[in-house]
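Every read-out reported here was derived from the displayed coordinates using simple, explicitly stated rules and does not represent laboratory data. Please read these numbers as outputs of a predicted model, since none were measured by experiment. Heads up, the Cβs are rebuilt from the backbone with ideal geometry, glycines too, and the neighbour counts pull from every protein chain shown.
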Amino acid sequence: MPKVLPSTPAPAGRLGRGRRVSSTLAEINIIPLVDVMLVLLIIFMVAAPMMQKGVEVNLPVASRSQEMGEQIFVSVPLSYKEDSRVFIGDEPVRIDVLSERVRQLLVNKGEKQVFLRLDGKLEIQDQMDIFDRLKAGGIEKVGIVSKLPGER
């Protein structure tokens, strides 16, 4: 709707118009906003995979390893020797509550199995301690995750 402004008095000798009509911009131009939002979306889509970082575990190499589906993974990093902490998925868990935490996770699952991702530089005694805690938590099967030669 055009906005009608009162006219200013015309200087002497000039013919003035009775009223002056001007239009106002009553809507927001959203095209620059959409452009900025799309650029931000692309930036976050590119940056999000780089920000995901899991527990750093140097897996041992096996020539016949295979991919696995949706399972529970217990990761044991090399720092286990200092802090006695393992990871169930991405959640840090102290070794003394590992058996109870695993028991809680698998209470509704029919197959009581976990997959263990051990750092290749851990001692056998540390690995056996973790196996014992998992068995005390009711785990029937423990799989050890490895990687193919040349895989990172």
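Brief remarks follow.
- With a Förster radius of 22 Å applied to the beta-carbon distance between Ile95 and Ile72, the computed FRET efficiency rounds to 0.85.
- Between Phe115 and Leu41, the FRET efficiency estimated from the beta carbon spacing at R0 = 41 angstrom works out to 0.70.
- One chain, two ends: Arg103 and Met50. Fully extended at 0.36 nm per residue, the span grows by 15.8 nm beyond their Cα-Cα distance.
- Calculated SAXS-style log₁₀ I(q)/I(0) at q = 0.26 Å⁻¹ - the stretch 73-144, Debye, Cα scatterers: -1.31
- Ranked packing of 87-100, 127-140, most packed first, by mean Cβ within 10 Å: 127-140, 87-100
- For the stretch 73-144, size of Cβ-based charge dipole, Lys and Arg +1, Asp and Glu -1, in debye: 240 debye
- Put simply, the amide H of Val93, placed in the peptide plane, has neighbours under 5 Å in Val86, Phe87, Ile88, leaving out anything fewer than 5 places away on its chain.
- The stretch 121-138 - phi-based ³J(HN,Hα) in whole Hz, Karplus 6.51/-1.76/1.60, Gly and Pro as x: 9, 6, 6, 4, 5, 5, 5, 5, 4, 5, 4, 4, 5, 5, 5, 5, x, x
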